[in-house]
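K.L.:
Have a look at this one.
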Amino acid sequence: MTDKSPTPSPSSHTADSLETRCVHAGEPRPRPSGALVAPIYQSSTYEYHGEDYHDVGYLRLSNTPSQLSVARKIAALEGAEAALVAASGMSAISATLMAFASAGDHILAQDCLYGGTQGFLRGELHRFGVSHSPIDPQRPESWEALLKPTTRVIYVETLTNPLVQVADLEAVVAFAREHDLVSVIDNTFASPVNFRPAEHGFDLVMESCTKYMNGHSDLIAGSVAGSAEQVHKVKLTLDHLGGALDPHACFLLQRGLKTLAVRVRAQNGSALALARLLESHSAVARVNYPGLASHPEHERAAALFAGFGGMVSFEMVGGTAAAETLLKAVTLPTVAVSLGGPETLLVRPAAAIHSQFSAEERTASGIADGLIRMSVGLEGTDDLLADLTQALEAV
Ligand code: PLP
């Protein structure tokens with residue numbers, strides 16, 4: 001469906017600051033009926049005006065005004081030519097991998113990926129004849145030995161979960177170009193405020209918009225951004241998988257995106273302060289945060305990122321027992337999975353998000369039983385510092 005009334009002349013604002021893009025990019029212009037906030041187009045189908053039938057508006061085809069408007073905003077934020085929204089982060093990831101890998105093909109994938117992505121690679125993709133090899137993101141010299149004539153994709157995450165490691169991202173782009181692979185990156189932990197992979201040469205950028213992009217812990221959504229041609233290829237697969245985002249979720253996501261820059265910058269600031277506090281405390285054995293000089297990839301992160309993010313993880317000296325005591329002693333943070341919302345969330349990965357892995361697999365990935373992951377929210381920094389201090393003293 002081409003953009004006809006009431007959403008003509010979308011404003012792209014790609015030359016503006018990120019803050020301005022958050023507010024204005026992709027919004028319908030002129031404003032439908034003058035409404036300051038773009039309406040929710042809660043219609044499954046749209047009137048036929050003689051266009052190609054593939055372009056007629058239909059919600060599952062992600063070509064209706066609410067979907068197009070939020071996708072345009074995301075493209076502008078990512079610094080990409082085009083974007084597509086999907087029903088979840090996993091929906092965007094699975095459609096992208098299925099669009100670029102067919103039976104008999106092979107994928108190089110970072111060895112410590114989000115569990116859902118690992119599960120999809122090991123499960124569905126393997127069942128359908130797509131194999132993958134794990135790569136050590138810090139050792140580009142080891143990647144070539146894993147290449148096959150059938151390798152099509154190289155897949156990494158900007159910041160890993162839960163150890164917040166930073167892969168050699170520039171090497172990933174160079175390797176993909178040299179070997180004619182599609183480079184795909186899950187940028188969920190960074191968000192486009194801290195890092196815009198498309199501007200560094202990545203072909204496709206995924207976000208679980210459930211996290212920072214929406215930022216209010218009240219919806220599930222995903223996005224993929226890149227060249228118009230490659231995003232269209234993903235869209236055709238998403239159309240068949242039925243993973244379109246519904247108009248009400250588009251509206252909420254569009255609203256959330258307007259405050260993305262200010263939210264993420266506040267979270268960056270609090271996370272750094274909390275990481276420093278944790279690093280100075282005797283109950284904590286180790287802190288993982290790329291903003292700390294002690295982080296092994298601190299220099300790379302400082303060179304590439306505009307901010308170090310809101311995700312911190314730390315290992316308690318007293319292992320599981322100490323970690324569990326701390327989780328009970330905090331009063332502001334909530335113990336819950338997910339991340340990127342206004343509420344500070346804590347989770348012990350060995351008991352929750354990494355419990356499906358064996359103890360040996362967790363040890364091999366560096367995930368100790370006493371490790372806690374923290375998604376720093378939007379509470380006052382001093383309040384969070386005070387609460388974490390009293391909880392550490394209780395251990
Ligand atoms: N990527 C990362 C890094 C995640 O943390 C998650 C979810 O936690 C996903 C992708 C999947 O996103 P969703 O839950 O929106 O499908």
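Read-outs: derived from the displayed coordinates by stated rules, not from any lab. Just so you know, these numbers come straight off a predicted model, no measurement behind them. When we count neighbours, we look across all protein chains shown, and the Cβ atoms used for this are built from the backbone with ideal geometry, even at glycine.
K.L.:
Considering only DSSP beta bridges whose two residues both sit in the chain, what percent are antiparallel, to the nearest 5?
P.N.:
Around 55 percent of the beta bridges assigned by DSSP in the chain are antiparallel ones.
K.L.:
Also, I was wondering about something else. Could you tell me whether region 114-237 comes out rounded, prolate or oblate from its Cα gyration tensor? Rule is a ≥ b ≥ c as square roots of the eigenvalues, rounded for a/c under 1.5, then prolate if a/b exceeds b/c, otherwise oblate.
P.N.:
Numbers: a/c = 1.43, a/b = 1.31, b/c = 1.09.
Note, shape of region 114-237 comes out rounded.
K.L.:
Taking a virtual spin label 7 Å from the Cα of Val262 along the C-beta vector, which residues in region 314-354 bring their backbone nitrogen under 15 Å of it?
P.N.:
The answer is 342.
K.L.:
What FRET efficiency comes out for the pair Leu147/Ala306, r = Cβ-Cβ distance, R0 = 41 Å, nearest 0.05? Write down the numbers at each step before the final one.
P.N.:
On the way: r = 32 Å, r/R0 = 0.79.
So, using R0 = 41 Å, E works out to roughly 0.80.
K.L.:
Under 26 Å between C-alpha atoms is the cut-off here; go through the chain and count lysine pairs that meet it, provided they're at least eight residues apart or on different chains.
P.N.:
Pairs that pass both the separation and distance tests number 14.
K.L.:
Once you charge only the Cβ atoms, +1 for Lys and Arg and -1 for Asp and Glu, what is the size of the charge dipole of region 262-394 about its Cα centre, to the nearest 20 debye?
P.N.:
Computed charge dipole of region 262-394: roughly 240 debye.
K.L.:
How big is the charge dipole of the chain about its Cα centre, in debye rounded to the nearest 20, if each Lys and Arg gets +1 on its Cβ and each Asp and Glu gets -1 on its Cβ?
P.N.:
On the way: 28 positive and 43 negative charges, 118 e Å.
With Lys and Arg at +1 and Asp and Glu at -1, about 560 debye.
K.L.:
Something else now. If packing is taken as the mean number of other Cβ atoms within 10 Å per residue, what is the order of 378-388, 283-293, highest first?
P.N.:
On the way: 378-388: 16.3, 283-293: 19.7.
Result, highest mean first: 283-293, 378-388.
K.L.:
Is the C-alpha gyration tensor of region 255-395 telling us rounded, prolate or oblate? Criteria: a/c under 1.5 is rounded; beyond that, a/b larger than b/c is prolate, otherwise oblate.
P.N.:
Details: a/c = 1.44, a/b = 1.27, b/c = 1.14.
Cα axes put region 255-395 in the rounded bin.
K.L.:
With the Cα gyration tensor of the chain giving a ≥ b ≥ c as the square roots of its eigenvalues, does the rule (a/c under 1.5 for rounded; else a/b larger than b/c for prolate; else oblate) give rounded, prolate or oblate?
P.N.:
Working: a/c = 1.97, a/b = 1.34, b/c = 1.46.
Oblate shape, in that a/c is at least 1.5 and b/c is the bigger or equal ratio.
K.L.:
At 0.36 nm per residue, minus the direct Cα-Cα distance, what do His54 and Leu236 gain on full extension? Give it in nm, one decimal, please.
P.N.:
Working: separation 182, 0.36 × 182 = 65.52 nm, distance 1.05 nm.
Contour length minus the Cα-Cα distance gives 64.5 nm.
K.L.:
Which of the listed residues, Thr381, Phe100, Pro349, is farthest toward the dipole's positive end in the chain, when Lys, Arg count +1 and Asp, Glu count -1 at the beta-carbon?
P.N.:
Going by the charge dipole, the pick is Thr381.
K.L.:
Express the relative contact order of the chain as a whole percentage, based on alpha carbon pairs under 8 Å and six or more residues apart in sequence.
P.N.:
Details: 840 pairs, mean separation 63.3, N = 395.
Here the relative contact order equals 16 percent.
K.L.:
Residue by residue through region 389-395, which ³J(HN,Hα) values in whole Hz follow from phi under the Karplus form 6.51 cos²θ - 1.76 cosθ + 1.60 (θ = phi - 60°), with glycine and proline marked x?
P.N.:
In residue order, the calculated couplings are 4, 5, 5, 5, 5, 7, 6 Hz.
K.L.:
Would you pull out the residues with amide H under 5 Å of Glu157's amide H, same chain only if 5 or more places away, H placed 1.01 Å from N?
P.N.:
Placed amide hydrogens put Asp186 under 5 Å from Glu157.
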